[in-house]
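Just so it is clear, none of the values below were taken in a lab; they were calculated from the coordinates. Keep in mind it's a predicted model, so treat the numbers as computed, not measured. All Cβ positions, even for glycine, are placed from backbone atoms using ideal geometry, and neighbour counts span all protein chains on display.
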Amino acid sequence: MNPIDVLRYGQRTIDELVGRLQTDDWEAVALGVWTTKDLVGHLAAFEVRFADILAVMLGESTESNLLQVDYTTFNDDQAAIRSDWSVPEVLDEYRGAYDRVMLGAARVPEARWTEVGTIPWYGPEYALDDLLVYSMYGHKREHAPQLEAVLDRPGRP
């Protein structure tokens, strides 16, 4: 598996959809009570956290406290934190975190990606590449249809 390619493909999916959003689309409901902006903010929080995970793997300092945040309420808490942010602020965080992820991922040794037990909080039988596929790529692909639904909603100009 090529982690850099997996990261690029997941991001390409979201970037393509976000690139088609119009101003009114950002306040449209995309998932439950979340607007499109909330959903992209949620993805941004995952990106920030993954960048921090990679930093830890590389023996570096994290840039956020998201590794210490309660995982059981992470999604709603992080969406709420970003709810008053502007669309450019949400996108800046998301894209900046993705850039950090890509820089970190390029420096993770190939063998480290598949080393079982390096992320015991996720499960002792998992490796970093599992987290990449399930929590990053899969997560983006999971939310892509919700962004597509915003783009395809009735009455959209």
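So, of the residues in region 28-67 that are assigned to a loop (DSSP other than H, G, I, E, B) and under 17 Å from the mean Cα position of the chain (by Cα), which turns out to be surrounded by the most Cβ atoms within 10 Å (Cβ to Cβ)? My answer is Leu66. Figure legend. Inter-residue proximity from region 2-27: first residues crowded, with 16+ Cβ neighbours inside 10 Å, second residues polar (S, T, N, Q), beta-carbon distance below 6 Å, spacing 6+ or different chains. Indicated pairs: Asp25/Thr36; Trp26/Thr36. Restricting attention to region 117-156 and to residues that are closer than 18 Å to Gly59 by Cα and surrounded by fewer than 13 Cβ atoms within 10 Å (Cβ to Cβ), the residue that is farthest from the chain's Cα centre (by Cα) turns out to be Gly117. Scanning region 130-157 for residues that are over 23 Å from Gln22 (Cβ atoms) and not charged (D, E, K, R) yields Leu131, Leu132, Val133, Tyr134, Ser135, Met136, Tyr137, Gly138, His139. For region 96-111, residues that are assigned to a helix (DSSP H, G or I) and surrounded by 15 or more Cβ atoms within 10 Å (Cβ to Cβ) total 8.
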